[in-house]
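Structure first, commentary second.
The values are calculated or read from the model by the stated rules, or taken from the named source; none is laboratory data. If you're wondering where the values come from, they're calculated on a predicted model, not measured in any experiment. Note: ideal-geometry Cβ built from the backbone for every residue, glycine included; neighbour counts use all protein chains shown.
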Amino acid sequence: MAMDDVAASWVRFFTFSSVNVAYVAIGCVLLGAAAGMVGCFAFLRKRSLLGDALAHAALPGICVAFLLTGSKDPVVILLGAVASCWIGALTVDWITRCTRCKEDSALGIVLSVFFGVGILLLTHIQHSGNAAQAGLDRFLFGQAAGLVARDVKILAGTAVLLCCVVALLYKEFKVILFDPDFARAAGLPVRRLEIALATVIVLAVGIGLQAVGVVLMAAMLVTPAAAARYWTDRLSAMLALAAVLGGVSGALGAWASYVAARMPTGPWMVVCVTGLFFASFLLAPGRGLAARLLRLRRFRRKTAVENLLRTLYQFGEAGQDWNTPRSLPELLERRGASMRELRRTLARLGRAGLVSEAAPGMFTLTADGAARGARVTRVHRLWEVYLTRKLEIAPDRVHDDAEEIEHVLTPELERRLAETLEYPERDPHGSRIPRAGRISISQGT
Amino acid sequence: MDSSVAAPPVEVHDLTVAYHHRPALWDIDLAFPAGKLIAIVGPNGAGKSTLIKAIMGLTPLASGYVRIFGQPPERARNAAAYVPQRESVDWDFPTNALDVVLMGRYGQLPLFARPRRRDREIAMQCLEKVGMADYARRQISQLSGGQQQRVFLARALAQQTRLYLMDEPFAGVDAATEQAIVTLLRDLRGQGCTVIVVHHDLQSVPEYFDWALLLNLRAVAFGPVEEAFSPENLQNAYGGRLNLLSDVHERLRRAEWSSRHGDG
């Protein structure tokens, strides 16, 4: 029953069954997308907190605009908010330049002082008995349900404007974010571009205030950017992806506030965007946690496999005989791993055709396995020679380091290592170093 | 009107730079000759990077002025290419090597304009010159320190100027990169370009450079390497004889601060 209700509300909402729903949905998607895109710049500038300070600094502007005009017209409110944001931004700049406060303190001061003044003014307005003030407190946490046609038009207009500015100034924004000194030296008007960039961020904050509210707007700027960064290494793709993630959160937040009409929209959007962030953090290929753990596990397996191959190879070295099968206890003694681990590694080697089980519990290297074992042994010993000769480390200290290095050296590095050392015959402990390329171990029948 | 033709690549007149009333450069007066590889050497805190930044117009001057080919720096933007220190940027920025080199073309493109095919070709050629063509599409954080430095050099080459100012290009690079940079510097000199390099390795100065500026807040010596790079001058530059000057200015700075805050 409850599930049916949810499903029905989905359908009603996303088919835009009433025109009001359409306004709310479109408005939230647009503002989420615009904030997500623009937020990438604040994020990459390492100025994420600036967005937060600016959003909070908008509140006194909203109140003053209302006090002066007595109207809640979106244009009036937006202008008030933008003016107040700008004063906040300039104050941050002034504090960092002219006092001993660092930027983080300046941001903290501006955020709390402006927000405090805003709350003061808001309380004053609410107690003034002005009937038109009803709903002004929505600007704290946002109420998307209150969006009407005119709000959405202004929101859409601003969002389109922001997209155009970003598209036009894409290369300029990119270079001042990456290397502002170089940009100035190359003759770009960095000061003016920085003002343009700040204006873009302020406008993105401004259009989000009605639906998300001053308190949480910063999350809509920064979180989509942080999530998008996990998926891509290209700035253009990052902007697009952050816009999509912001838009999706906007839609979900709007839907939540449609289903539960008295819920503020802002927190819902922030919860959604945070969910998307965690999904990215966990699942993104390459940078995500799951991918990193997977890589780590693969490396551990490779290490276990190669160590065992080297052990088996070394068993055979003494009598130049790689055919005698070795028993589990023998291997266990040399490897110092647990029985379970050893069995699992042996099974893996068996599947790869590197080791064969001659008799139950007795294992021997195949030709491929012997070649791999010889190669790992060779790299291990070469590295030991390198450490003792070039870094003058005592021969009894080099084994552990070589144990790690042998698994990461590429054939190219191996070749250069051998060349640098002038193709040594023996390692520091006197063992012969297997030759490269010519490793073929005769397999008896 | 034609004075700029004969004007030296860089002239520095009575230049003084101070950070918070602490002098960083003290009355520098030099003219850098054309077509030479010039090293700026000096101890830590001698103002080497500051001098480069002052020449590029990136730092406010307390007094004096700079001329690049006879022009003030802000009017000679396309005449000088700047290679900042590698650590000055965040290499985790979402972009690839070719894109960074392409930034060298931005100064010559009008505002709003996208880089054209020609710009991409130039950027690619510059990557080739530093031996990085194979890494064009590589995310910059995946490059080694030396490779990142070569990308920075390629970006400067893409500006196609006659004057290069490089801040510690040899710092923390591998041997292959060091060789690549030296070859590049000689090529540039062969084309008649002037290259001014902040350098930290005294040993290689006579081998790599034609001229040297020994700096320690003021210009201790300036001239062809065989003259300027004498043990005496080095002793003067590195001898720490300016302790007194810094102490005096430290007092001055404190006095200024305390009088401003009324607790002195």
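So how many residues does region A:97-140 have that are assigned to a loop (DSSP other than H, G, I, E, B), of a type outside the set (G, A, S) and without any contact (Cβ under 8 Å) to a residue 12 or more places away in the chain?
Of the residues in region A:97-140, 5 are assigned to a loop (DSSP other than H, G, I, E, B), of a type outside the set (G, A, S) and without any contact (Cβ under 8 Å) to a residue 12 or more places away in the chain.
If B:P84 satisfies every condition in (1) surrounded by 21 or more Cβ atoms within 10 Å (Cβ to Cβ); (2) over 21 Å from B:P169 (Cβ atoms) but one, which is the exception?
Condition (2) is where B:P84 drops out.
Would you mind finding the one in A:V110, A:V75, A:V148 that is surrounded by 15 or more Cβ atoms within 10 Å (Cβ to Cβ) and assigned by TED's automatic domain parsing to the domain that holds A:I207?
Just one listed residue meets the conditions, A:V110.
For region A:141-195, what are the residues that are more than 29 Å from the chain's Cα centre (by Cα) and in contact (Cβ under 8 Å) with a residue 12 or more places away in the chain?
A:Q143, A:A145, A:G146, A:L147, A:V148, A:A149, A:R150, A:D151, A:V152, A:I154, A:L188
Which is over 18 Å from A:F315 (Cβ atoms), in contact with a His (Cβ under 9 Å, 6 or more places away or on another chain) and assigned by TED's automatic domain parsing to the domain that holds A:A304, of A:V408, A:V379, A:V385?
Exactly one of A:V408, A:V379, A:V385 is over 18 Å from A:F315 (Cβ atoms), in contact with a His (Cβ under 9 Å, 6 or more places away or on another chain) and assigned by TED's automatic domain parsing to the domain that holds A:A304, namely A:V379.
Looking at region B:117-131, can you tell me whether even one residue there is within 10 Å of chain A (Cβ to nearest Cβ), surrounded by fewer than 22 Cβ atoms within 10 Å (Cβ to Cβ), of a type outside the set (A, V, I, L, M) and free of Cβ contacts under 8 Å to residues at least 60 places away in the same chain?
No, the conditions are met nowhere in region B:117-131.
Being aromatic (F, W, Y), away from chain B (no Cβ under 14 Å) and in contact with a Ser or Thr (Cβ under 8 Å, 6 or more places away or on another chain) is the requirement here; does A:Y258 meet it?
Judged against the criteria, A:Y258 is a match.
Would you point out which residue out of A:T324, A:T303 is among the hydroxyl-bearing types (S, T, Y) and part of a helix (DSSP H, G or I)?
A:T303
Take the residues of region A:232-241 that are within 11 Å of chain B (Cβ to nearest Cβ) and out of contact with any strand residue (DSSP E or B) (no Cβ under 8 Å at 6 or more places or on another chain): which is surrounded by the most Cβ atoms within 10 Å (Cβ to Cβ)?
A:L239
Mind counting the residues in region B:63-91 that are more than 10 Å from chain A (Cβ to nearest Cβ) and in contact (Cβ under 8 Å) with a residue 40 or more places away in the chain?
10
Only one residue in A:G80, A:G61 is farther than 14 Å from A:A198 by Cβ and touching a Ser or Thr at 6+ places or on another chain (Cβ under 6 Å). Which one?
Within the list A:G80, A:G61, the selection yields A:G61.
Just one of (1) closer than 18 Å to A:L49 by Cα; (2) part of a helix (DSSP H, G or I); (3) away from every other protein chain (no Cβ under 14 Å) trips up A:V215, so point out which.
Unmet for A:V215, out of (1) closer than 18 Å to A:L49 by Cα; (2) part of a helix (DSSP H, G or I); (3) away from every other protein chain (no Cβ under 14 Å): (2).
Take the residues of region B:49-90 that are farther than 21 Å from B:L217 by Cα and among the basic types (K, R): which is nearest to the chain's Cα centre (by Cα)?
Our first condition is that a residue be farther than 21 Å from B:L217 by Cα; within region B:49-90, this holds for B:68-83, B:86-90.
Those left that are additionally among the basic types (K, R): B:75, B:77, B:86.
Values: B:R75: 18, B:R77: 14, B:R86: 12 Å.
Of everything passing the filter in region B:49-90, B:R86 is nearest to the chain's Cα centre (by Cα).
Given the structure, is A:V222 over 30 Å from A:V376 (Cβ atoms) and in contact with a Gly (Cβ under 7 Å, 6 or more places away or on another chain)? Talk me through it step by step, then tell me what you get.
Values: over 30 Å from A:V376 (Cβ atoms): yes; in contact with a Gly (Cβ under 7 Å, 6 or more places away or on another chain): yes.
When the stated conditions are applied, A:V222 passes them.
Which condition number in (1) surrounded by fewer than 14 Cβ atoms within 10 Å (Cβ to Cβ); (2) under 40 Å from the mean Cα position of the chain (by Cα) is the one that A:A318 fails?
With (1) surrounded by fewer than 14 Cβ atoms within 10 Å (Cβ to Cβ); (2) under 40 Å from the mean Cα position of the chain (by Cα) applied to A:A318, the lone miss is (2).
Could you tell me which residue of region B:17-62 is surrounded by the most Cβ atoms within 10 Å (Cβ to Cβ), considering only residues that are touching a residue at least 60 places away in the same chain (Cβ under 8 Å), β-branched (V, I, T) and within 13 Å of chain A (Cβ to nearest Cβ)?
B:I55
Scanning for something in a helix (DSSP H, G or I), basic (K, R) and at pLDDT below 95, does region A:172-183 turn up at least one residue? Don't jump to the end; show me each part of the working.
The initial filter retains those residues of region A:172-183 that are in a helix (DSSP H, G or I), namely A:172-178, A:180-183.
Next cut, basic (K, R) only: A:174.
Okay, now just the ones that are also at pLDDT below 95, so none.
No, because not a single residue in region A:172-183 is in a helix (DSSP H, G or I), basic (K, R) and at pLDDT below 95.
Restricting attention to region B:92-102, and to residues there that are in a loop (DSSP other than H, G, I, E, B) and facing another protein chain (nearest Cβ under 8 Å), which single residue is surrounded by the fewest Cβ atoms within 10 Å (Cβ to Cβ)?
B:F93
Does region B:168-226 hold any residues that are more than 21 Å from B:G145 (Cα to Cα), touching a Pro at 6+ places or on another chain (Cβ under 8 Å) and in a helix (DSSP H, G or I), and which are they?
B:V225, B:E226
What are the residues in region A:259-268 that are surrounded by 23 or more Cβ atoms within 10 Å (Cβ to Cβ) and in contact (Cβ under 8 Å) with a residue 60 or more places away in the chain, if any?
Passing the criteria: A:P264, A:T265, A:G266.
Condition (residue is crowded, with 16+ Cβ neighbours inside 10 Å and farther than 29 Å from A:L239 by Cβ) applied to region B:103-112: is it met by at least one residue?
So far as region B:103-112 goes, no, none of its residues is crowded, with 16+ Cβ neighbours inside 10 Å and farther than 29 Å from A:L239 by Cβ.
B:V182 is checked against (1) touching a strand residue (DSSP E or B) at 6+ places or on another chain (Cβ under 8 Å); (2) at pLDDT 90 or above and fails just one. What number does that condition carry?
Of everything listed in (1) touching a strand residue (DSSP E or B) at 6+ places or on another chain (Cβ under 8 Å); (2) at pLDDT 90 or above, B:V182 misses just condition (1).
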